[in-house]
Amino acid sequence: MLMERLILVAMWLFGFVGLFLFIPRKDRHKGFLAFLMFQAVIWLCDMPAFKYDLLRAPVRELPKATDLPLTIDYFFYPVLFAIYYVHRRSKGNLSSRITYFFVWVSVISLFDIVIERYTDLLEYEFLKWYGMWMYIVFLFYVSQVCCNWFFKDKALFHAERWETNEN
């Protein structure tokens, strides 16, 4: 039980430290929107996952079953996505961007699988490790698409607008 509490405290501490150390001041608005976007996407995806018993948080005393989903789903993973989104390379070759994306997703999936396997904080009923990896890929991709749509490059947007006005 002590290990579970320490893991939860460490996630909260690393999350707050990550927010302030790894997201530059000039990109805080972008990081905050990425944080909120990931929260929304994961909330929409977790509803059916918990309803159909793909994910399960066991009910017990302290730490309660809600502590880990609240920590991971609504704070720690959104912070990691915000850090990823702020530091991702929007320009460059496609293979380096894809590699960067899959390294982030794989490390987060590995972290999640280790928590599920070696602690009593989380149980996957029917979801295997590769299912969790695909789930996190989906969450990151959808959140990135939504954030990219919101933070459309203004110069590109104005160029598109001028092209449509000339026609």
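The values are calculated or read from the model by the stated rules, or taken from the named source; none is laboratory data. Here the structure is a predicted model, which means the values were calculated and not measured. We place every Cβ from the backbone using ideal geometry, glycine too, and count neighbours over all the protein chains shown. Areas reflect the complete protein model, heavy atoms only, side chains present, ligands, DNA and RNA absent. Shrake-Rupley method; radii C 1.70, N 1.55, O 1.52, S 1.80 Å.
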Task: Selection count, region 4-54, where residues are in a loop (DSSP other than H, G, I, E, B) and modelled with pLDDT of 90 or more - done: 3
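Rundown of residues vs (1) over 14 Å from the mean Cα position of the chain (by Cα); (2) touching a residue at least 40 places away in the same chain (Cβ under 8 Å), yes/no style:
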position	(1), (2)
Glu4	yes, yes
Leu8	yes, yes
Gly18	no, yes
Phe22	yes, yes
Arg28	yes, no
Leu33	no, yes
Gln39	no, no
Trp43	no, no
Open item on the list: Kindly evaluate Phe138 against the criterion of being closer than 20 Å to Phe38 by Cα and open to solvent by less than 80 Å² (accessible area, probe 1.4 Å).
Closed with: no
Open item on the list: Criterion first (open to solvent by less than 30 Å² (accessible area, probe 1.4 Å), modelled with pLDDT under 90 and acidic (Asp, Glu)) does Asp120 satisfy it?
Closed with: no
